[in-house]
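The values are calculated or read from the model by the stated rules, or taken from the named source; none is laboratory data. What you see is a predicted model; the values in this text were computed from it and never measured. As a convention, Cβ positions derive from the backbone with ideal geometry for all residues, glycine included, and neighbour counts pool all protein chains shown.
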C-alpha cells in the first residue's frame with residue numbers, strides 16, 4: 001500500500017505532524033511519502049497511491065492557496081482514494097468551520113477521518129503586519145502552544 005501525505009506548513013508544526021504520521025504509518029508493507037504541495041505536488045501521480053492524507057497549518061483562517069488549489073484541481077480523483085484530512089490551528093472553537101472553509105464538500109464527505117492537531121504560535125517567528133495583528137489578538141507578545149500529539153496518534157490509528 002502506498003500512502004502520500006500532502007501538506008503545507010507555514011511555521012513548521014504541520015510539517016512535524018506530517019513527519020510523525022509518515023513515521024507511524026510507514027512499515028515494510030506500506031510505503032509513505034511526504035509531499036510539500038508547493039514544491040513537489042506536480043512531480044507525483046495521485047493514481048499511484050492507495051491512501052492520501054492532506055492538510056496543513058491554518059494561517060489567517062485559511063490553508064495555503066497551493067493546498068486549496070490542489071484539492072480543487074484533483075477533487076474527483078481524490079474522492080476515489082482512502083482519504084484523511086487534517087488542520088493545524090490554535091483556534092479550537094472554529095475547527096469545524098475551518099474544515100468547511102478550506103476543503104471541498106465532496107472531500108469532507110468521503111474522508112475516513114478529519115483531524116485537528118492543535119497548533120502553536122511562536123511570536124518571535126512572526127513578521128510585519130502579522131506580528132502587529134497577533135499582538136492585538138493575543139493581547140501581548142506571548143507564545144501559544146496548543147499541540148495535540150494525541151490527536152495525531154488517533155488520526156493515524158483511524159487511517160491504518
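So the values come out like this:
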quantity: Checking residue 34 against (1) over 27 Å from residue 143 (Cα atoms); (2) surrounded by 15 or more Cβ atoms within 10 Å (Cβ to Cβ); (3) at pLDDT 95 or above, the condition it does not meet; calculated: (3)
quantity: Identity of the residue in segment 79-123, in a loop (DSSP other than H, G, I, E, B), surrounded by fewer than 18 Cβ atoms within 10 Å (Cβ to Cβ) and free of Cβ contacts under 8 Å to residues at least 60 places away in the same chain, that ends up farthest from the chain's Cα centre (by Cα); calculated: 80
quantity: Selection within segment 1-44 - farther than 18 Å from residue 67 by Cβ and not in a helix (DSSP H, G or I); calculated: 1, 2, 26, 27, 28, 29, 30, 31, 32
quantity: Members of segment 50-73 found to be touching a residue at least 40 places away in the same chain (Cβ under 8 Å) and in a helix (DSSP H, G or I), listed by number; calculated: 66, 67, 70
quantity: Residue 76 vs. criteria in a helix (DSSP H, G or I), exposed (fewer than 14 other Cβ atoms within 10 Å of the Cβ) and touching a helix residue (DSSP H, G or I) at 6+ places or on another chain (Cβ under 9 Å); calculated: yes
quantity: Selected residue (criterion: modelled with the lowest pLDDT) from residues of segment 132-143 that are farther than 27 Å from residue 69 by Cβ and exposed (fewer than 14 other Cβ atoms within 10 Å of the Cβ); calculated: 132
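Residue-by-condition table, conditions (1) under 27 Å from residue 129 (Cβ atoms); (2) within 12 Å of the chain's Cα centre (by Cα):
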residue	(1), (2)
43	no, no
46	no, no
57	yes, yes
64	yes, yes
69	yes, no
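Here's the yes/no breakdown for (1) under 21 Å from residue 152 (Cβ atoms); (2) surrounded by 20 or more Cβ atoms within 10 Å (Cβ to Cβ); (3) at pLDDT below 90:
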site: 4; (1), (2), (3): yes, yes, no
site: 16; (1), (2), (3): yes, no, no
site: 30; (1), (2), (3): yes, no, yes
site: 66; (1), (2), (3): no, no, no
